[in-house]
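A.B. asks: Take a look at this one; I'll ask things after.
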Amino acid sequence: MKLDKRRRREFKTNYHKRLILLKGKSPRLVIRKTNNYLVLQIIESIHAQDKTIFIVTTKDLLELGWPKEKAGSLKSTTASYLAGYLIGKRSLSIIKDRVIVDTGLSPSTKGSRIYAAIKGAADAGIKINIDEKIIPSKERIEGKNNKLETIFNKVKGAIK
């Protein structure tokens, strides 16, 4: 049987990587980058059918105290960490096993927004295997470099 590779040609699906993730039979933390936001989802696959359990975008931080005049910085490392922390806190009551990270076709770059989101989810209590060398520095996560430190503390305190 020949598999339709249309989604691969459109740079949407890596079928080899997806097969490996499905064989893991663990929930996945799916992270996708857009031009303005970061989208995080907890997905379970049953018989290759994906079911979204939780979804969080960095836009959700506006409801938790992120200033509207700083809405352009919702794609920052600080916002990515807080979105990961938010999805971790919300899904902690349901997710008991370890979670597999699915970054899709995004390149794996040390210190990127994707790894800030993974660090946030891990700090919230989700079991994720991650190497500490690739996580952004604490100063970048807390927004000390881009003057988002007070926003970071305010929003993180609002997440329950």
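A.B. asks: Could you tell me how many of the residues in the stretch 130-146 are modelled with pLDDT under 90 and within 14 Å of the chain's Cα centre (by Cα)?
C.D. replies: 1
A.B. asks: Quick check on the stretch 22-43. Is at least one of its residues small (G, A, S) and touching an Asp or Glu at 6+ places or on another chain (Cβ under 9 Å)?
C.D. replies: Looking through the stretch 22-43, at least one residue is small (G, A, S) and touching an Asp or Glu at 6+ places or on another chain (Cβ under 9 Å).
A.B. asks: If I ask for residues that are in a loop (DSSP other than H, G, I, E, B) and either touching an Asp or Glu at 6+ places or on another chain (Cβ under 9 Å) or surrounded by 12 or more Cβ atoms within 10 Å (Cβ to Cβ) (or both), which ones from the stretch 114-136 would you list?
C.D. replies: Residues satisfying the conditions are G125, I126, K127, I128, I130, I135, P136.
A.B. asks: Would you please name the residue that is surrounded by the fewest Cβ atoms within 10 Å (Cβ to Cβ), looking only at residues in the stretch 96-107 that are over 13 Å from the mean Cα position of the chain (by Cα) and not charged (D, E, K, R)?
C.D. replies: P107
A.B. asks: Give the residue that is farthest from E69 (Cα to Cα), with candidates limited to residues of the stretch 97-155 that are in contact (Cβ under 8 Å) with a residue 60 or more places away in the chain and charged (D, E, K, R).
C.D. replies: So, considering only residues that are in contact (Cβ under 8 Å) with a residue 60 or more places away in the chain and charged (D, E, K, R), the one farthest from E69 (Cα to Cα) is D97.
Residue by residue, here is whether (1) farther than 22 Å from K25 by Cα; (2) at pLDDT below 90; (3) not aliphatic (A, V, I, L, M) holds:
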position	(1), (2), (3)
H47	no, yes, yes
A71	yes, yes, no
L86	yes, no, no
I95	no, yes, no
R98	no, yes, yes
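The values are calculated or read from the model by the stated rules, or taken from the named source; none is laboratory data. Owing to the predicted nature of the structure, the values given are computational and were not obtained by experimental measurement. Note: ideal-geometry Cβ built from the backbone for every residue, glycine included; neighbour counts use all protein chains shown.
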